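Here is the structure we will look at.
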Amino acid sequence: MKSVIAHYSEAVLPEQRGNPLIEALPVLLSDHDVLLALSHFPELDEHIRWDAPAVVREQYVDRIKQFRCPQENYIECYKYISRALRDGYSSRNPLKSSTVQYLHYYTNERPDIEPVDGYFQSCADTVTIVGVSGSGKTTMLEQVLGYFPQVIEHVNYKGAFPGFNKQVVWLKVNCPYNASVRDLCEAILGALDNVLDSGVTIPASRNGSLARQIAQKIKSSFLGVLVIDEMQRLKFSRTGGENTLIDFLHEIVDSLGVPLVFCGNHPFDETLTRKLRIARRAESGGYMKISSPEYNSSDWQTFINYLWPLQWTNVESPLTSELNEKLFILSKGNIGLAQAIYKRAQMKVIGSGNETINCAVLASSTPPLSSNSEEFINELIPGTQGRKKLLISDTPMVGEHQYPFEQKMSVSGGRTVEKNSVIPGDFNRPQHAEFSKVITGVLNNLNHSLVHIEHSGVIRSLAQESCTYSQLKRYGLLCTDPLNE
């Protein structure tokens, strides 16, 4: 949890000025600054790469999981979240009498005498983000939310105590498996307790009392935006119908003034489109459909050009168009899967004696469960719509589990033992585990042997001529009886 002391800057809109909840938020970023702020490129230590043993370098490969290269949709997501925060807070200025009414009366209850600033009226909206698994929805959301502090502590606003202490800017909960409305309520209540560090609140046994508990917590913490991820997990049959669930969630928006962000995989979007009322409310603050980038898009090319240099192999494998296309086809442009393949490829060759990454290595590093899932097999490679259905099955792949002779790196008595990596289709590596050690040794010494070979000038000149074999035999350089010579 990221908690900071409030530092105020004047709001952009005149109607939002004088609101400590808004003026304590980070300043608005330009598109370029958004990409810089949300990126993370793990450091590549050259000393570790070239000098460290294989077991150490394998640990460093895990840094690829921390790699974040923002896509263009990060800018759109940042703007949606930033706008939702400011719109939601605009009607909850803690220095106004309307907010006092909001804090002391439940939902639509109102005092008999209207406050000076009028009755509380919500300005909150709902943002919906939908996409296929692995397309980067959750990563994008976490990166954007991570830019904002989760808790802001207010001490002094314009020379006086503003009347409250903690402001919870955002809260993210994952929808529980087989969740009901009550399960979701308890998840929200537990997350608020954790963020506020206020001890555990025992959920009320009755749903009405539980709703009051959540309302009280949300109001007193001045929650800025509530993010509910994995929305496709909801089983509407347990909630008494999807209308009950959606109505409950939008009660948070209407009565409590808190913006919502729905995030889920397909077919959650189909559920939202069944009724116009639900669809209109779900996209009132914005709608994003996240899909895998196409090969020629700036998103994919930027991603691969920043990812590829993160190599901890002791051989540098430059990024070629062939390798770029291969990784794109294997992952179908799925950013999460592409990172997993690249990570597994390095783990496969580090310590094998030949740490070159090529197309065969990438193909053998595809996660077998993900690549064989029905959803992934039926998915088109981005950019192939209307043309041939180019599926991942068009490219030969083999999973690791099919190679019982492959031995992993081990350390025994302080001595590093090389692993034998059998990679089908890679003719730079031995294809038989029993010959691996000898062949790898010959291949590693091949360049050195070529430099010192006798008659090197003759061989170079014969390479330009025809009838090369007969000429080599005339010079006595052709081995015709390998078993006896």
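The values are calculated or read from the model by the stated rules, or taken from the named source; none is laboratory data. All values derive from a computational prediction rather than experimental measurement. Neighbour counts are summed over all protein chains in view; Cβ atoms, including those assigned to glycine, are modelled from backbone coordinates with ideal geometry. Heads up: the accessible areas ignore ligands, DNA and RNA and are worked out on the full protein's heavy atoms, side chains in. Shrake-Rupley method; radii C 1.70, N 1.55, O 1.52, S 1.80 Å.
Name the shape class, rounded, prolate or oblate, that the alpha-carbon gyration tensor gives for the range 124-207, where a ≥ b ≥ c are the square roots of its eigenvalues, rounded holds for a/c under 1.5, and otherwise prolate holds if a/b is larger than b/c and oblate otherwise. Oblate. Using Cβ point charges alone (K and R +1, D and E -1), the dipole size of the range 28-129 about the Cα centre works out to roughly 120 debye.
Backbone amide hydrogens, once placed in the peptide plane, bring VAL261 within less than 5 Å of VAL127, LEU226, VAL227, ILE228, excluding anything fewer than 5 places away on its chain. Neighbours of PHE164, meaning other residues whose beta-carbon lies under 15 angstrom from its beta-carbon, give a summed charge of +4 when Lys and Arg score +1 and Asp and Glu score -1. Taken one residue at a time, the phi angles of the range 335-341 give Karplus couplings (6.51, -1.76, 1.60, θ = phi - 60°) of 4, x, 5, 4, 5, 5, 5 Hz. Gly and Pro are set to x.
How much length, in nm to one decimal, is gained on full extension between ARG63 and VAL315, taken as 0.36 nm per residue of separation minus their Cα-Cα distance?
Stretched fully, the ARG63-VAL315 segment lengthens by 88.9 nm.
Put simply, the amide H of CYS123, placed in the peptide plane, has neighbours under 5 Å in SER91, leaving out anything fewer than 5 places away on its chain.
Given a 1.4 angstrom probe, what's the average accessible area per residue across the range 1-97, in square angstrom?
51
Enter the Cα centre distance for the pair the range 208-224 and the range 167-203, rounded to the nearest angstrom. The distance from the Cα centre of the range 208-224 to that of the range 167-203 comes to 10 Å. For the range 215-230, 3J(HN,Hα) computed residue by residue from phi via the Karplus equation (6.51, -1.76, 1.60; θ = phi - 60°) reads 4, 5, 5, 5, 5, 5, 8, 6, 4, x, 8, 10, 9, 10, 9, 6 Hz, glycine and proline entered as x. Each peptide among 63-74, 202-213 gets the average number of other Cβ atoms lying within 10 Å of its residues, and from highest to lowest they stand as 63-74, 202-213.
What order do you get for 135-144, 33-42 when each peptide is scored by the mean count of other beta carbon atoms within 10 Å, highest first?
Result, highest mean Cβ count within 10 Å first: 135-144, 33-42.
Toward the positive end of the charge dipole of the range 43-195, with +1 on the Cβ of Lys and Arg and -1 on the Cβ of Asp and Glu, the farthest Cα among HIS47, PRO94, ILE75 is that of PRO94.
Taking all protein chains together and a probe of 1.4 Å, list THR99, THR302 from the most accessible to the least accessible.
Values: THR99 0, THR302 55 Å².
Listed by decreasing accessible area, they come as THR302, THR99.
Amide H contacts of ILE381 (H built 1.01 Å from N, in plane; Pro and chain starts excluded): LEU390 sit under 5 Å, all sequence-distant by 5 or more or on other chains. Note on VAL116/PHE161: beta-carbon distance plugged into 1/(1 + (r/R0)^6) with R0 of 25 Å gives a FRET efficiency of 0.75. Summary of packing: across the peptides 315-325, 338-348, 287-297, the per-residue average of other C-beta atoms within 10 Å ranks them, highest first, as 338-348, 287-297, 315-325.
How much net charge surrounds MET140 when only other residues with a Cβ under 12 Å from its Cβ are counted (Lys, Arg +1; Asp, Glu -1)? Intermediate results must be reported in sequence, preceding the final value.
Numbers: positive: ARG68, LYS137; negative: GLU72, GLU76, GLU142, ASP229, ASP299.
So the environment of MET140 carries a net charge of -3.
What the phi angles of the range 125-142 give under the Karplus curve with 6.51, -1.76 and 1.60, with θ = phi - 60°, is a coupling list of 10, 10, 10, 10, 10, 10, x, 6, 4, x, 6, x, 4, 5, 4, 4, 4, 5 Hz, glycine and proline written as x.
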